Structures are given as C-alpha cells and as structure tokens.
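The values are calculated or read from the model by the stated rules, or taken from the named source; none is laboratory data. As the structure is a computational prediction, the values presented were derived from the model and not from experiment. Every residue, glycine as well, gets a Cβ built from its backbone with ideal geometry; the counts of neighbours run over all protein chains shown. Side chains are part of the model used for accessible areas, which takes the heavy atoms of the whole protein and leaves out ligands, DNA and RNA. Shrake-Rupley method; radii C 1.70, N 1.55, O 1.52, S 1.80 Å.
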Amino acid sequence: MRGTNAEDGGSTTRVDRSRQWIGASLSEVVTELRNRGVQDIFIACVDGLKGFPEAIEAVFPKTVVQLCIVHMVRHSLNYVSWKRRKEVAADLRRIYAAATLDEAELMLGEFEEKWDQEYLPIGQSWRRNWGRLTPFFDYPPDIRKVIYTTDEIDNLFGEVIFPTGAKGVAKTCFWVASWRRSACRLARRAALQRVRVHVFP
C-alpha cells in the first residue's frame, strides 16, 4: 500500500515513513546522551538496527562502532536449513574467534569458498559489514567478547534488574523520555528497545 507524503510532494510507503521516524528517534537517543552530559563514547556495540551507527558517529565522531557478532551470526543462519545450521555456525565461529584480523579475513575467504554456492548472501553480508564487524580485533582476546556482543548487556540487566522484581523495565541502556509526535511513538519504541550501547570511561 502506498501513500502520498504532502510535506515533500512525493509518494512514499508506510515502511519508508516508519524508517524516517526510526531514524529520527535514533538521532534523538544519541543527542539526548550528549545533552545529559556524556562527553564521549569509546566503543558502541549495536545490533543490525539500520542507521544507528551513523547516528552515533554524527554526534560522537570518535566513537568506535562495533556491530554485534552474535546478531550477525543469527542473521546469517536465517539463510540456512536447520540440518546445516550447526556446521555453518561452526565455520562462522572460526572467523570471529580468529587470533588476528588477518587470520579472520582468511577464515572468511575459506567460508565463502565452501558455502557461497549454497548461501551466497551470508558471505556478501559479512563482506559488506566487515569494517564494522572487526574493530574488536584491536583489543586483547580477554576482553573481545565484551566488545563484540550486546548479549553481555542483556545478561547484566537480567542479573541486576529482573531479580529485584521490577516490572516494565526496558532492557535498553538508554531511552528517550519524551515524544513529540504520538503517531511515531510505537515505531520509535520498537526501535529503541533494540538499542544497547557500551559506554566506557
């Protein structure tokens, strides 16, 4: 279904408008962090929410943006049949568990050579996002997992918040408290519930 956007004189889909609202919300989230006193973010680990890395870099240009490896693996396995997921997941692990960036790139090449004929989109997706998937290789192996996955934040919230019996607590690190357009509220909330940011001093 298509509709006309009177403001720009063009024809846009509902999905297009939702993406515009979500993009505006992400910018609001990052701007709100700055307004609340955050001066810099060293590393931001985000999932595949489109536009969020750019929103972070626009406000905090020195931030290293790391795409969540766990989310990337889950996305990749969506292309794979249940019978082969374990094998494909093991080969993907060889990439992000590599000792160095050079070794990881070699493992990615071997993955593509083995699986491209059956699951071409996986290798293409990793190549396309390679620059944001690999910043964690700049850090010691002992802390890489903390950097490359948002699951550590989920676990922290599970241990600290949910045993207290608190209800209605969003599993997000940051939330925009006010909304100006009620029509955008649900789309924005759905987007922001997926935001996790690691902030280091």
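Observations
- Elements of type helices (runs of 4 or more DSSP H) in the stretch 1-98, at least 1 residues being modelled with pLDDT under 95: 14-35, 52-59, 69-77
- Subset of the stretch 40-64 [open to solvent by less than 20 Å² (accessible area, probe 1.4 Å) and farther than 22 Å from ARG94 by Cα]: ILE41, ILE43, ALA44, LEU49, PHE52, PRO53, ALA55, ILE56, PHE60, THR63
- Taken over the stretch 85-105, the criterion of being of a type outside the set (Ser, Thr, Tyr), out of contact with any Ser or Thr (no Cβ under 9 Å at 6 or more places or on another chain) and either over 17 Å from PRO141 (Cβ atoms) or open to solvent by 30 Å² or more (accessible area, probe 1.4 Å) (or both) is satisfied by ARG85, LYS86, GLU87, ALA90, ASP91, ARG93, ARG94, ALA97, ALA99, ASP102, GLU103.
- Failed criterion for ILE43 (all others in (1) under 12 Å from the mean Cα position of the chain (by Cα); (2) closer than 19 Å to LYS145 by Cα hold): (1)
- Total residues in the stretch 113-137, condition open to solvent by 20 Å² or more (accessible area, probe 1.4 Å), in a helix (DSSP H, G or I) and either farther than 19 Å from VAL70 by Cα or polar (S, T, N, Q) (or both): 7
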